[in-house]
Amino acid sequence: MHFLPEDVFDLCLGRAKKLMGPEKYNSWLSNASFRSFNDGVFTVGLDSEIRANFVTHNYKDHLEELLREVTGDSDVSVVFTHIPETLSLGRVNNSSRHELFSNFLKPSYVFDRFIQGPNNRLAYATAYSVAYEMGQSSTNPLFIYGGVGLGKTHLIQAIAHHIKDNHPDRTFCYISSEEFLTSYVRALMPHKNTAREMENFKDKFRNSHYLIMDDVQFLAGREGTQELFFHLFNDLYLRGRQIILTSDRPPHEIEPLEERLISRFQSGMVVDIKPPMLETRLAILNQKLKDENIQLDKEIVFYLAETVKSNVRQLEGAVNLLAANIRIQHLVLSLENVRSIITEYLGASSRRLNPSSITSTVGEFFGINPNALKGKKRKREILVPRQVSMFLLRDLTNLSLEEIGSFFGRDHSTVLNAIKRVNSMMSDDSFFKRKILDIRESLLG
C-alpha cells in the first residue's frame with residue numbers, strides 16, 4: 001500500500017463526519033485517534049470503554065467501507081480499543097515511566113505547544129502554576145470549563161507531562177468521569193471480593209499527588225458515584241493533594257449535581273476557555289501547517305482561519321484533511337480547491353441549515369420526535385423545542401418570519417413571540433442558554 005495509514009485514517013474521519021452529521025460525529029468519533037496499522041488492520045483508540053463498544057457495534061462497518069474505498073484494498077479492517085486513561089504510579093524507574101505514560105499522554109500536549117490568546121490565557125496561566133506548585137488553596141481545585149475541542153484536555157495533559165518530566169517523586173491519576181464510573185461499577189460486581197476491590201479502587205486515587213479528571217459533567221445524576229467522589233475529593237484536599245477537573249460547563253450549570261459537590265468545585269479556581277479569536281486561529285494554523293510540512297499561500301491560511309472557527313480540534317482536523325489530500329491524491333492546493341474541500345468538511349450550509357435539519361437537531365437534543373414540532377400540541381415539552389427551532393431558523397438562515405411560520409403551520413407573529421420567549425429564557429436561565437449554544441455549535445459544525 002502506497003500511503004501513510006494515519007493520513008488515510010484522517011481522510012476517512014473527514015468523510016465520516018460528513019456522512020454522520022456533526023452531532024453524532026462529535027458524540028462518538030471526534031476523539032478517535034490512529035494507533036497503528038499492521039497486517040491490514042487499523043487500530044483506532046477512543047477515550048472510554050463505553051465509546052469504543054458503541055462505535056464498534058454501530059459504526060465499524062461504515063468506517064471499514066470508507067477505509068477500503070480510500071486504500072483500494074478490500075481486505076483492510078478496523079478495530080477499536082479503549083486507550084488507558086487511568087494510572088496510579090508508585091515509585092518506578094524512568095524507563096518504565098516513559099513506557100507507561102506513552103499509552104495515554106499525547107506527546108504534543110505540552111505547555112510549549114499550547115497557543116495562547118485572549119480566549120484561554122487565564123486558563124493556561126493557572127494550569128502552568130498548578131503544575132509547578134501543588135495544592136495551593138487559591139487554585140485547588142482547578143476547574144477548567146469550555147466547549148468541545150477548545151484545549152481543556154491539552155492543558156491537563158500538559159500538567160501531567162510536567163509532573164512526569166520534572167517531579168519523579170510525585171504520582172498522579174488521570175481519568176475521565178466515564179472511566180471513573182466504569183471502574184466503580186466493576187469494583188461493585190458481586191462475584192468479586194467487593195470490600196477489597198473497593199479499597200483497591202480508592203487507593204488508586206488516595207495514593208496520588210494529583211487527581212486529574214476529564215469531563216466531570218458526566219457525574220451528573222449518578223448519586224452513588226457522586227457520594228464516593230465527594231469523600232475522595234475531601235480526603236485528597238485535606239492532605240494538600242491537587243485536584244484538577246474539566247467540564248463543558250461551569251459547576252453551577254451541571255445538573256443534577258449535589259450542592260456540596262458544586263460548592264467544592266467552586267472553592268478553588270474556576271476558569272473558562274472560549275472559542276479562539278482570529279489571531280489565535282491563525283497562530284494555531286501556522287503551527288499545525290509547520291508540523292505537517294505544508295506551505296500554503298497567505299490568502300489560503302487566512303481563508304481557513306476565517307472559515308473554520310468553531311474550535312481548535314476542528315482547525316486541526318481541517319489541516320489533517322488537507323495533508324491527507326496532498327499525500328494520497330497528490331493534490332496541489334489552490335484557494336479554489338481548498339474552499340471545496342473545507343466546504344465538504346464542514347458540510348454545505350445550504351444542506352445543513354434548513355428547517356428540516358434544524359428541527360431534527362433540536363428534536364435530538366430535547367429527545368422529541370421532530371415531526372411533533374410541526375403539530376398542534378402546546379405541552380411544554382413540545383412547545384419549548386418548537387420555539388427553539390423557530391429561534392435558530394431566524395438566527396442561522398435567511399428565512400423570513402413568514403417562511404418560518406409557514407413551515408410550522410403558524411403565522412409570523414407566533415414566530416416573533418417564540419424568538420422573544422427564547423431570548424427571555426436564555427437571559428433568565430444559564431443552563432438553558434448553554435443548551436441553545438450547544439445546539440447552535442452542533443449545527444455550525
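The values are calculated or read from the model by the stated rules, or taken from the named source; none is laboratory data. Just so you know, these numbers come straight off a predicted model, no measurement behind them. Cβ: placed from backbone, ideal geometry, glycine included. Neighbour counts: every protein chain shown.
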> Is at least one residue of segment 201-212 at pLDDT below 85, in contact with a Gly (Cβ under 8 Å, 6 or more places away or on another chain) and outside any helix (DSSP H, G or I)?
Replying inline: yes
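Can you pull out the helices (runs of 4 or more DSSP H) entirely within segment 304-417 that have at least 2 residues that are more than 27 Å from the chain's Cα centre (by Cα) and not polar (S, T, N, Q)? Reasoning before the result, please.
Details: elements: 312-329, 335-346, 349-352, 355-366, 380-396, 401-408.
By residue number, 312-329, 335-346, 380-396, 401-408.
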>> Looking at Arg206, Arg222, Arg281, Arg186, can you tell me which residue is within 28 Å of Leu122 (Cα to Cα), in contact with a helix residue (DSSP H, G or I) (Cβ under 9 Å, 6 or more places away or on another chain) and basic (Lys, Arg)?
In response: Arg281
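Rundown of residues vs (1) surrounded by 16 or more Cβ atoms within 10 Å (Cβ to Cβ); (2) closer than 28 Å to Phe201 by Cα; (3) aromatic (Phe, Trp, Tyr), yes/no style:
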{"site": "Arg222", "(1), (2), (3)": "yes, yes, no"}
{"site": "Leu238", "(1), (2), (3)": "no, yes, no"}
{"site": "Glu253", "(1), (2), (3)": "yes, no, no"}
{"site": "Glu259", "(1), (2), (3)": "no, yes, no"}
{"site": "Ile262", "(1), (2), (3)": "yes, yes, no"}
{"site": "Met277", "(1), (2), (3)": "no, no, no"}
{"site": "Thr280", "(1), (2), (3)": "yes, no, no"}
{"site": "Leu285", "(1), (2), (3)": "yes, no, no"}
>> Checking His231 against (1) farther than 30 Å from Asp429 by Cα; (2) in a helix (DSSP H, G or I); (3) modelled with pLDDT under 90, only one condition comes out false. Which one?
In response: (3)
> In this structure, does Met390 turn out to be surrounded by fewer than 19 Cβ atoms within 10 Å (Cβ to Cβ) and either under 28 Å from Ser310 (Cα atoms) or aromatic (Phe, Trp, Tyr) (or both)?
Replying inline: no
> Between a first residue in segment 116-130 that is closer than 18 Å to Ile284 by Cα and a second residue that is assigned to a loop (DSSP other than H, G, I, E, B) and basic (Lys, Arg), which pairs have beta carbons less than 7 Å apart while being 6 or more apart in sequence or on different chains?
Replying inline: Asn119/Lys274
> Could you say whether any residue in segment 259-280 is in the same structural domain as Glu199 (by TED's automatic domain parsing), assigned to a loop (DSSP other than H, G, I, E, B), over 22 Å from Phe114 (Cα atoms) and acidic (Asp, Glu)?
Replying inline: no
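Quick check, is Met425 within 20 Å of Ser356 (Cβ to Cβ) and either surrounded by 14 or more Cβ atoms within 10 Å (Cβ to Cβ) or of a type in the set (Ser, Thr, Tyr) (or both)?
So Met425 does not fit the description; no.
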